[in-house]
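S.K.: Quick one: this structure, given as C-alpha cells, is what I'll be asking you about.
The values are calculated or read from the model by the stated rules, or taken from the named source; none is laboratory data. Everything numeric in this text was worked out from a predicted model, so none of it was measured. Quick reminder, even Gly has a Cβ in these numbers, built from the backbone with ideal geometry, and neighbours come from all protein chains shown. The area values use the complete protein model at the heavy-atom level, side chains included, leaving out ligands, DNA and RNA. Shrake-Rupley method; radii C 1.70, N 1.55, O 1.52, S 1.80 Å.
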Amino acid sequence: MRYVTAGESHGPEEIAVIEGIPAGLHISQEDVNEQLARRQRGYGRGDRQKIETDTVTFLTGVRHQTTLGSPITLNVHNDDHNNWSKIMAPNEPANSENTLRKVLRPRPGHADLVGGMKYRHREDLRNVLERSSARETTMRVAVGAVAKKLLAEIGVDVHGFVVNVGPAKSDLNELTKYKNLQELRVVTEGFDTRALNAEADEAIKEVIDKTKRDANTVGGQVQVIATGMPVGLGSYVSADTKLDAKIANAIVGINAFKGVQFGGGFDNAEKYGDQVMDEIFWNEERGFYRGSDNLGGFEGGMTTGEAIVVCGVVKPIPTLYRPMQSVDIDTHEDHRASIERSDTTAVTAAAVIAEAMVAIELAKAVLDKFDADNIERMKEQVAVYREEIRKF
C-alpha cells in the first residue's frame, strides 16, 4: 500500500491516490466524510472551518461502494478557492491583479523562508506556504479513513485524543476506566477539546481562550491507541523494517509535530529495567501475553499484541496575530512577519490526523504480511496466523 497527495491550500482541489487496497472492501463516501468532519471540529480552530465543508468524491477504484483492487482516487473540493481563484490561477501568467497577495516576510517557525531558499521562490513565498500548509492533511485523514475501514475488517481499532494543550492536561489514569476504544471514543469525541474528562475540557478551553485574547498560539500533545493488531508485524532484521520506526516517521511527518514516543516513552529514561519491561505470561486461552504495556505495544520493532500507544508533540502554530520579528526577502529590511488566516491551536485536529497516520502505517504492515489482492482472502490468512500465534 502506498499513497500520494496533491493540492495547494487555496487551490481548487485536494487529491489523494492510494495503491494496494485489496478488492472487495466495502467503503462509502460517508465513511471518509465522517473522519474529515472530525478533523474540522475542535476548540481553537479558525474561521476557515466555517467556510469549508470537506466532503470526498471517489473518482476511481471504487464501484458500488466496493474497492476494485485498482488505484483509488479521492477528491476534496476547496470551497475557499472561490475567494482565491485569481491568486491561484494555474493557466494565466502573473500580472498585477493576480499577484496582489504576495508573501515577502517569512514567519518564524514556518517553512516560508527555508522553502523559498530551497526552491528559489524569490518573488513570492506564497509558492511555499500553499503546499506546506496543514490543509494537505485533509487528504491524509481521507487516506486514513480507508485504512481504518480495512483494519476494522480484522478487528483492529484506532483512536486519537488530546493529552494536553499548553499547561492544561488530561489525566491519563482515566484510561483505566474503559474496556475498549469505543467506550473511550464516546467520551473524548463528546468534548470540543477531545480531552478525557470535563475538568480537562474546561481547563483546555480556558488556555485556548486566553491564548486567543493574547493574539498568540499554543501547542500540546496527542495520543493514539490501537488495539487488536496481530503479533509480529514489523521486523527486527533491518532498521527500515521496524514498524515503530515507520510510525515515528509518519507522526513527525505531520505538520508541526516535533516529537514522538511509545508507551511510557521519555519517562522510561528515569526508571529502572524492572519498572519498564513488560513481563511475559501465558495461559491456554490467550497464549503468550504481557502483564503491562510500558513499551507501547512494541518489542524489537515488532507488535507484541498489546495495545499500541503513540504520543506526539505538537508545536504552536507559527502564524501569530501579534507577529514576530522577520526580514523582508525583497528589501532585507526588518519587518514583522506576514499574517495568514490561522487557528489559535490545531492540537484538537492533530489528534485526528495522528490517528489517521497510525492507521495508515498499520494497514501497510498488514498488507505487507498478508494477501493484498482480496479482502476476504486477507481475513482468512489473518485468522489462521492468529491461531498459529496463540498456539506457539
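S.K.: Looking only at residues that are assigned to a helix (DSSP H, G or I) and of a type in the set (Asp, Glu) in segment 317-367, which one is most open to solvent (accessible area, probe 1.4 Å)?
M.R.: First, the residues of segment 317-367 that are assigned to a helix (DSSP H, G or I): 347-367.
Those still in the list that are of a type in the set (Asp, Glu) too: 355, 361.
Details: GLU355: 2, GLU361: 20 Å².
That would be GLU361.
S.K.: Here is a list of conditions, (1) assigned to a loop (DSSP other than H, G, I, E, B); (2) aliphatic (A, V, I, L, M); (3) open to solvent by 50 Å² or more (accessible area, probe 1.4 Å), and VAL313 meets all of them except one; can you say which number that is?
M.R.: (1)
S.K.: Which residue is farthest from ARG322 (Cα to Cα), if the candidates are limited to segment 191-216 and must be under 20 Å from the mean Cα position of the chain (by Cα) and open to solvent by less than 20 Å² (accessible area, probe 1.4 Å)? Even if it seems obvious, please write down each step before you answer.
M.R.: Taking segment 191-216 and keeping what is under 20 Å from the mean Cα position of the chain (by Cα), we get 191-196.
If we keep only those that are open to solvent by less than 20 Å² (accessible area, probe 1.4 Å) too, we end up with 193-196.
On the way: THR193: 24, ARG194: 27, ALA195: 28, LEU196: 31 Å.
The selected residue is LEU196.
S.K.: Among the residues of segment 335-346, count how many are of a type in the set (A, V, I, L, M), farther than 16 Å from ARG140 by Cα and within 17 Å of the chain's Cα centre (by Cα). Working first, answer last.
M.R.: Let us first name the residues in segment 335-346 that are of a type in the set (A, V, I, L, M), namely 337, 339, 346.
Cutting the leftovers down to farther than 16 Å from ARG140 by Cα gives us 337, 339.
If we keep only those that are within 17 Å of the chain's Cα centre (by Cα) too, we end up with none.
Total satisfying the criteria: 0.
S.K.: In addition: Can you name the number of the only condition in (1) among the hydrophobic types (A, V, I, L, M, F, W, C); (2) in contact (Cβ under 8 Å) with a residue 12 or more places away in the chain; (3) open to solvent by 10 Å² or more (accessible area, probe 1.4 Å) that VAL384 fails?
M.R.: Result: VAL384 passes all but (2).
S.K.: Scan segment 71-91 and give yes if some residue there is surrounded by 15 or more Cβ atoms within 10 Å (Cβ to Cβ) and of a type in the set (Ser, Thr, Tyr), otherwise no.
M.R.: Looking through segment 71-91, at least one residue is surrounded by 15 or more Cβ atoms within 10 Å (Cβ to Cβ) and of a type in the set (Ser, Thr, Tyr).
S.K.: Can I ask one more? Filtering segment 125-143 down to residues that are open to solvent by 20 Å² or more (accessible area, probe 1.4 Å) and not charged (D, E, K, R), which residue is nearest to LEU36 (Cα to Cα)?
M.R.: Of everything passing the filter in segment 125-143, ALA134 is nearest to LEU36 (Cα to Cα).
S.K.: Go through the residues of segment 293-301 one by one and say whether even a single one is in a loop (DSSP other than H, G, I, E, B), open to solvent by less than 30 Å² (accessible area, probe 1.4 Å), polar (S, T, N, Q) and touching a residue at least 24 places away in the same chain (Cβ under 8 Å). Quick ask: steps written out before the conclusion?
M.R.: First, pick out the residues of segment 293-301 that are in a loop (DSSP other than H, G, I, E, B): 293-297, 300-301.
So of that shortlist, the ones also open to solvent by less than 30 Å² (accessible area, probe 1.4 Å) come out as 296-297, 301.
Of the ones still in play, those that are also polar (S, T, N, Q) are none.
So far as segment 293-301 goes, no, none of its residues is in a loop (DSSP other than H, G, I, E, B), open to solvent by less than 30 Å² (accessible area, probe 1.4 Å), polar (S, T, N, Q) and touching a residue at least 24 places away in the same chain (Cβ under 8 Å).
S.K.: Out of all the residues in segment 166-175, is one or more on the phi > 0 side of the Ramachandran plot, in a loop (DSSP other than H, G, I, E, B), crowded, with 17+ Cβ neighbours inside 10 Å and touching a residue at least 24 places away in the same chain (Cβ under 8 Å)? Show your work before the answer.
M.R.: Within segment 166-175, the subset on the phi > 0 side of the Ramachandran plot is 166.
Next, only the ones that are in a loop (DSSP other than H, G, I, E, B) stay: 166.
Next cut, crowded, with 17+ Cβ neighbours inside 10 Å only: 166.
Those left that are additionally touching a residue at least 24 places away in the same chain (Cβ under 8 Å): 166.
Yes, some residue in segment 166-175 is on the phi > 0 side of the Ramachandran plot, in a loop (DSSP other than H, G, I, E, B), crowded, with 17+ Cβ neighbours inside 10 Å and touching a residue at least 24 places away in the same chain (Cβ under 8 Å).
S.K.: Scanning segment 319-359 for residues that are of a type in the set (Val, Ile, Thr) and in contact with a Pro (Cβ under 8 Å, 6 or more places away or on another chain), which turns out farthest from ASP214 (Cα to Cα)? Give the steps one after another, and end with the answer.
M.R.: First, the residues of segment 319-359 that are of a type in the set (Val, Ile, Thr): 319, 327, 329, 331, 339, 344-345, 347-348, 352-353, 358.
Cutting the leftovers down to in contact with a Pro (Cβ under 8 Å, 6 or more places away or on another chain) gives us 327, 329, 339, 345.
Values: VAL327: 23, ILE329: 28, ILE339: 15, THR345: 13 Å.
Ranking the candidates gives ILE329 first.
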